[in-house]
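Just so it is clear, none of the values below were taken in a lab; they were calculated from the coordinates. These figures come from a predicted structure and were not determined experimentally. Cβ coordinates were reconstructed from backbone atoms using ideal geometry, including for glycine residues, and neighbour counts include every protein chain displayed.
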Amino acid sequence: MTSWTISQVAEKSGLSAHTLRWYERIGLLDRVERGPDGRRRYSEADLEWVVLLNNLRTTGMSVRDMQRYAELVRSGGGEAERMELLEQHRELVLQSLAQQQACLRVLDRKIRTYRRRLSETQAGPESDSTEGAAAECEAPTLVT
């Protein structure tokens, strides 16, 4: 069976060793097996779980919801509740993506404006109007 050290899992997952130990302490990770030297040895299943946790966190899931999800998975049941939790989070991710796309449109418009201005041969009065930009690109509102 393949196993990895905490530094290898940190590298593979993009999380720090400190975060991995914290995830274990707060119950997001089951107790990780230890080698004869007493150091953590992560299994393939541990690594897959860490990657899932990292994805959930990256998409903005709260630690509390991640803990609830972990409890449900550990219990072996609660599939309907797990699905509901993930579906609710999916809706939040979709809302966030829509807001990010609106912000991207604002950035693209500003970039086009500057490209056009830089390519013009005649110098004219320059302005940096951001009117309307704030209304189109707002910080995501996450409801938990």
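Some observations on this one:
- Karplus 3J(HN,Hα) series, Hz, for the range 76-87 with 6.51 cos²θ - 1.76 cosθ + 1.60 (x for Gly, Pro): x, x, x, 4, 5, 5, 4, 4, 4, 4, 5, 5
- The ranking of S13, S119 from fewest to most other beta carbons within 10 Å of each one's beta carbon is S119, S13.
- Proportion of all alpha-carbon pairs of the range 1-88 beyond 14 Å (%): 65 percent
- Ranking of V9, V73 by count of other Cβ atoms within 10 Å, fewest first: V73, V9
- Residue order, fewest to most surrounding Cβ atoms within 10 angstrom, among L28, L97: L97, L28
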